[in-house]
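Taking it in order: structure first as structure tokens, then the write-up.
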Amino acid sequence: QLVESGGGVVQAGDSLRLSCAASGRTFSTYAMGWFRRTAGEERTFVAAISYSGDGPHYADSVQGRFTISRDNAKKMVYLQMNSLKPEDTAVYYCAAADFSWVVPSPTTFPSWGQGTQVPVPS
């Protein structure tokens, strides 16, 4: 089970940190990711991190602004979002893979949270 938290309305240029609490699996053995969905569109990749935390991978649109991290002892994964833009407005989902690392896409992460909304008004 994955439960996201930390969403909410923020102004352009502000920062926000999303959290995801995992339970029911051996958290430290599989990759984790963040995806987002805007109205009327499919979920798109935002960031992913391997089981060990090495080599995080980011979508071009968030590279340099967002940082994914994980705490295996706490079974938590985070998404630090800085310099937010109106185009970052979306529902953000935490997702878990079945392997220590996968090529990040919505199809390679079979487990999902319920999502948390992040509106960034223009």
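The values are calculated or read from the model by the stated rules, or taken from the named source; none is laboratory data. Just so we're clear, the structure is a prediction, and the values are computed from it rather than from any experiment. Every residue, glycine among them, receives a Cβ derived from its backbone with ideal geometry; neighbour counts consider all protein chains shown. The accessibility values were calculated without ligands, DNA or RNA, using every heavy atom of the protein model including side chains. Shrake-Rupley method; radii C 1.70, N 1.55, O 1.52, S 1.80 Å.
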How do the pairs read when you match residues in region 9-20 that are within 12 Å of T67 (Cα to Cα) and free of Cβ contacts under 8 Å to residues at least 40 places away in the same chain with residues anywhere that are open to solvent by 30 Å² or more (accessible area, probe 1.4 Å) and part of a loop (DSSP other than H, G, I, E, B), using Cβ under 8 Å and keeping only pairs 6 or more apart or on different chains? none
Inside region 68-90, the number of residues satisfying the requirement of being among the hydrophobic types (A, V, I, L, M, F, W, C) and touching a residue at least 60 places away in the same chain (Cβ under 8 Å) is 3
Cβ-Cβ distance below 9 Å, separation of 6 or more or different chains: which pairs start in region 42-55 with a residue that is charged (D, E, K, R) and end on one that is open to solvent by 40 Å² or more (accessible area, probe 1.4 Å)? E42/P106; R43/R37; R43/P106; R43/W112; D54/W101
Is one or more of the residues making up region 73-87 of a type in the set (A, V, I, L, M, F, W, C) and over 15 Å from G7 (Cα atoms)? yes
With the requirement that a residue be at pLDDT 95 or above, open to solvent by 50 Å² or more (accessible area, probe 1.4 Å) and outside any loop (DSSP other than H, G, I, E, B), what does region 1-50 give you? V3, S5, R17, R37, T44
Does Q63 satisfy the condition of being out of contact with any Phe, Trp or Tyr (no Cβ under 9 Å at 6 or more places or on another chain), among the polar types (S, T, N, Q) and open to solvent by 20 Å² or more (accessible area, probe 1.4 Å)? yes
Against the condition under 20 Å from A97 (Cβ atoms), open to solvent by 20 Å² or more (accessible area, probe 1.4 Å) and assigned to a loop (DSSP other than H, G, I, E, B), how does G53 come out, does it pass? yes
Which residues, taken from region 83-120, are open to solvent by 50 Å² or more (accessible area, probe 1.4 Å), touching a Gly at 6+ places or on another chain (Cβ under 9 Å) and either modelled with pLDDT of 95 or more or more than 21 Å from F27 (Cα to Cα) (or both)? S83, K85, Q117
Does Y78 count as out of contact with any strand residue (DSSP E or B) (no Cβ under 6 Å at 6 or more places or on another chain), open to solvent by 30 Å² or more (accessible area, probe 1.4 Å) and aromatic (F, W, Y)? no
